[in-house]
Amino acid sequence: MGQYKLGNKSLKELTGVHQDLVAVVSRTIELTVQDFAVHDGIRTLEEQRRLVASGASQTLDSRHITGHAVDLVPYINNKLRWEWELIYKIADAVRAAAKELGTPIRWGGAWDLTLTDTDDATEDLVADYSARRRQAGKKAFIDGPHFELPKMLYP
């Protein structure tokens with residue numbers, strides 16, 4: 001571990017992001033077994049509108065707009081990748097870093113719980129969340145690279 005570091009583009013994406021989340025991301029890159037890039041930190045309302053229009057996001061009330069969310073995307077051979085096996089490794093490292101720092105984290109892989117409140121396998125969290133949504137007659141919107149500070153604690 002400790003073989004990766006945040007690149008200049010990732011560091012730029014963290015500009016304006018809440019310091020507690022920046023600390024989690026900074027510790028995550030030290031702990032992770034999977035390199036990643038900070039694909040999105042702060043977004044403007046106009047950027048968010050475009051993402052909602054394209055179906056890549058579901059809300060204009062995004063935590064990215066307020067600096068309370070980041071998207072951490074696997075990075076391999078100078079390319080961003082969206083494979084779940086890699087995303088799970090990053091989610092595990094985020095959880096470990098956040099627990100170590102005492103910072104609660106909500107994850108786009110299982111929106112209805114706090115990632116740092118569970119030790120369940122990240123793969124299981126996604127499957128269980130999807131099952132709960134289906135059981136409620138709703139579609140599951142899964143956003144594996146997305147990590148945010150809970151609104152209740154970070155308004």
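Readers should treat all values here as calculations from the given coordinates under stated rules, not as data from a laboratory. The structure presented is a predicted model; accordingly, all values stated were derived computationally and were not measured. Every residue, glycine among them, receives a Cβ derived from its backbone with ideal geometry; neighbour counts consider all protein chains shown.
Of the candidates Ile29, Ile105, Ile142, which one comes out as most mobile in a Gaussian network treatment of the chain with C-alpha springs shorter than 10 Å?
Largest GNM mean-square fluctuation: Ile142.
What percent do you get for the relative contact order of the chain when only Cα pairs under 8 Å and 6+ apart count?
Dividing the mean separation by the residue count of the chain yields 23 percent.
Describe numerically, in nm with one decimal, the distance between label points set 7 Å from Cα along Cα→Cβ at Ala127 and at Gln19.
4.2
How big is the chain by Rg and Dmax over its Cα atoms, in Å?
Computed over the Cα atoms of the chain, radius of gyration and Dmax are 14.6, 44 Å.
Testing the spin-label approximation: label points 7 Å from Cα along Cα→Cβ at Gln58 and Ser26. State their distance in nm.
3.3
Can you give me the distance in nm between label points at Lys12 and Asp120, each placed 7 Å from the Cα along the Cα-to-Cβ direction?
It works out to 3.9 nm between the two label points.
List, in the order given, every pair from Lys5/Lys79; Lys9/Lys89; Lys79/Lys138; Lys5/Lys89; Lys5/Lys151; Lys5/Lys99 whose Cα-Cα distance in the structure shown is over 24 Å.
Distance filter (> 24 Å) returns Lys79/Lys138; Lys5/Lys151.
Can you figure out the FRET efficiency of Leu101 with Leu80, using R₀ = 22 Å and their beta-carbon distance, to the nearest 0.05?
Efficiency at R0 = 22 Å is approximately 0.30.
By counting other Cβ atoms within 10 Å of each Cβ, how are Glu30, Glu85 ranked from fewest to most?
Glu85, Glu30
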